[in-house]
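> Please read through the structure below; I'll follow up with questions.
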Amino acid sequence: MATNILTMTSHNFELDCKKIHDSLGGLSQLIPSLASLTLHERQQLRETYKAVYGEDLISQLQRYDEDDFSSMKFSTLSLWMLCPHDRDAFVAREALQQDETNFKALVEIFVGRKSSHVVLISQAYQKMFRRVLDQDIMNLDSPHPFQKVLMALSASHKAHQVDISHHISKCDARRLYETGEGSLGAIDEAVVLEILSKRSIQQLKLTFLSYKHIYGHDYTKSIKRGNYGQFGKALMVVVKCICNQEHYYAKELYACIRREKGDMGTLARTLVSRADIDMDEIRRVFKEKYEKELGDVICESIPCGDYRDFLVALATRSSTPSNIYNN
């Protein structure tokens, strides 16, 4: 880890900005401090930097990290400093522009964000790229079942549901059973997509809990048993992400670190997007499942340097959840 750390202050953002501005070529000393900032502090830091130096802090940071932080087109450190809806818009665009569309990254946005936040993401996406997010998903060149699922999730955020209903969850659980393992034929995708599109994420989570209570096993087990093809694989990702996000992300982190060449894009995206939300819980689940600390596994798998130091700092920070994130 970097030594001689420059401590940033929460009460004097002008001094913090000066440390960044004066650290040309020496950003290593600031990495742990930048990773420790809350969302509100990061926003204040950007505003202060703009007022004092007349330029966006994001542009300044990109001059430092073009090489070491290049796991995504928009650097990891810069993504961390962006406001959440702008960051998610960049992540969505990056996911759609890859040779093989990163559907998981898109699912994580639609499942892990409040409806009001999804609206801001769509607005930011249109402002930054002059494109409509839903249309870009729908108009992908190679049709994929994930498109149907993502469009249904997008529609669910427009349903404006507030309260959750145990009665609806039980009815929907029975409908899922009757169109899945309770029927002789293939799954009726239309029924599943209707439920996904008309229910909030919290309502869907209650539905999957009701399914387990009524039928004695998780809905994911029903998907595994059925002959659902690519639609089933897409549905499996969504259900796992909805039902237990901490376990989902712990597994994703371990898988992307342990891949032969390492999936640095997934690693960076996950750490940046969850650091403000539930990193404490993800870290706990990670240790339970793999009997190793998340930070230690990152250190074992990535060469030493600023990039690794920043990822470890994110992985080991205490979460400071903001109510703009989760459903």
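The values are calculated or read from the model by the stated rules, or taken from the named source; none is laboratory data. What you see is a predicted model, and the numbers here were worked out from it, not measured in a lab. A quick note on method: Cβ atoms are made from the backbone with ideal geometry, for glycine too, and the neighbour counts reach across all protein chains shown. Protein only, heavy atoms only, side chains kept; ligands, DNA and RNA dropped before computing areas. Shrake-Rupley method; radii C 1.70, N 1.55, O 1.52, S 1.80 Å.
> Let me spell it out: the conditions are (1) farther than 20 Å from Arg113 by Cα; (2) open to solvent by 40 Å² or more (accessible area, probe 1.4 Å); (3) modelled with pLDDT under 95, and Gly180 meets all of them except one. Which number is the exception?
Unmet condition: (2).
> Also, quick follow-up: Starting from segment 33-44, keep only residues that are of a type outside the set (Asp, Glu), then list their pairs with residues that are open to solvent by 10 Å² or more (accessible area, probe 1.4 Å) and part of a helix (DSSP H, G or I) whose Cβ atoms are within a distance under 6 Å, requiring at least 6 positions of separation or different chains.
Ala35/Ala313; Gln44/Phe13
> Please enumerate the residues belonging to segment 128-142 that are in a helix (DSSP H, G or I) and acidic (Asp, Glu).
Asp134, Asp136
> Just wondering, is there one or more residues in segment 229-241 that are among the polar types (S, T, N, Q), in contact with a helix residue (DSSP H, G or I) (Cβ under 9 Å, 6 or more places away or on another chain) and crowded, with 18+ Cβ neighbours inside 10 Å?
no
> From the list Met151, Met128, exactly one residue is surrounded by fewer than 19 Cβ atoms within 10 Å (Cβ to Cβ), under 20 Å from Cys241 (Cα atoms), modelled with pLDDT of 90 or more and not acidic (Asp, Glu). Which is it?
Met151
> Can you list residue pairs whose Cβ atoms sit under 6 Å apart, with the first residue in segment 77-100 being β-branched (Val, Ile, Thr) and the second being assigned to a helix (DSSP H, G or I) and surrounded by fewer than 22 Cβ atoms within 10 Å (Cβ to Cβ)? Count only pairs 6 or more apart in sequence or on different chains.
Val91/Ala105
> Which ones in segment 212-221 are assigned to a helix (DSSP H, G or I) and either under 26 Å from the mean Cα position of the chain (by Cα) or of a type in the set (Lys, Arg) (or both)?
Lys212, Tyr219, Thr220, Lys221
> Identify the residue in segment 108-125 that is out of contact with any His (no Cβ under 8 Å at 6 or more places or on another chain) and over 20 Å from Cys243 (Cβ atoms) and, among all such residues, is most open to solvent (accessible area, probe 1.4 Å).
Filtering segment 108-125 for residues that are out of contact with any His (no Cβ under 8 Å at 6 or more places or on another chain) and over 20 Å from Cys243 (Cβ atoms), the one most open to solvent (accessible area, probe 1.4 Å) comes out as Ser116.
> Turning to a different aspect of this structure: May I ask you to verify whether Glu260 is modelled with pLDDT under 90 and either farther than 20 Å from Arg113 by Cα or open to solvent by 50 Å² or more (accessible area, probe 1.4 Å) (or both)? I'd like the intermediate steps shown before the answer.
Values: modelled with pLDDT under 90: yes; either farther than 20 Å from Arg113 by Cα or open to solvent by 50 Å² or more (accessible area, probe 1.4 Å) (or both): yes.
Yes; evaluated as a whole, the condition is true for this residue.
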